[in-house]
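Chemist: I have a structure I would like to understand better, so I am pasting it below and will then ask my questions one at a time.
Laboratory data are not the source of any read-out in this text; all were calculated from the coordinates shown. Small disclaimer: the values here were computed from a predicted structure and weren't measured. Note that each Cβ is placed from the backbone with ideal geometry, even for glycine, and that neighbours are counted across all protein chains shown.
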């Protein structure tokens, strides 16, 4: 079936390993096999899918490290890989996927830090990473990600301060930095951002006073 451009077998009860032969479907631009009971690891041959733009492998049952061959997936726009026991470090090469707009790594077993190369993902809209262990990360990598609409770094061993230029993230709707070790005072502009509707900062080491005013759009804190 070498002419396939879309393959979705999600939300089933498939089990066993993922066939390496999927790597022969080189015209695929969407591959989805999440919400299944597969076992084993991601086949390195999936790195041959150089036209792939969307990959959904949430709750698929696979674990282990993300193959280095995935560095070739330069057209990737959306990667959802939450709630599967992927491990090792979050690959630095993801920072070269400059078309990436959405990334979800939640409920995995990744070791920190969040790669500094993520600062190159200037097209990113939605970034959700949680449950990082062992090595902490700063928020420096988001300095160029001004198109973010939602940023969730929950329980991700994030340290340092909330950026003082947070107001420049003019599209940000949701900000979740809870269960980290963020310190210092809240930027005075944080509660008056034009688009922010939800803000989660619990379980950190913040200090100082709360801003005296807030935007009417900010409804959940």
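Chemist: Do you know which of the residues in the stretch 124-141 that are assigned to a loop (DSSP other than H, G, I, E, B) and more than 13 Å from the chain's Cα centre (by Cα) is farthest from residue 157 (Cα to Cα)?
Modeler: The residue in question is 139.
Chemist: So which residues in the stretch 158-173 are closer than 25 Å to residue 101 by Cβ and surrounded by 14 or more Cβ atoms within 10 Å (Cβ to Cβ), if there are any at all?
Modeler: 158, 162, 163, 166, 167, 169, 171, 172, 173
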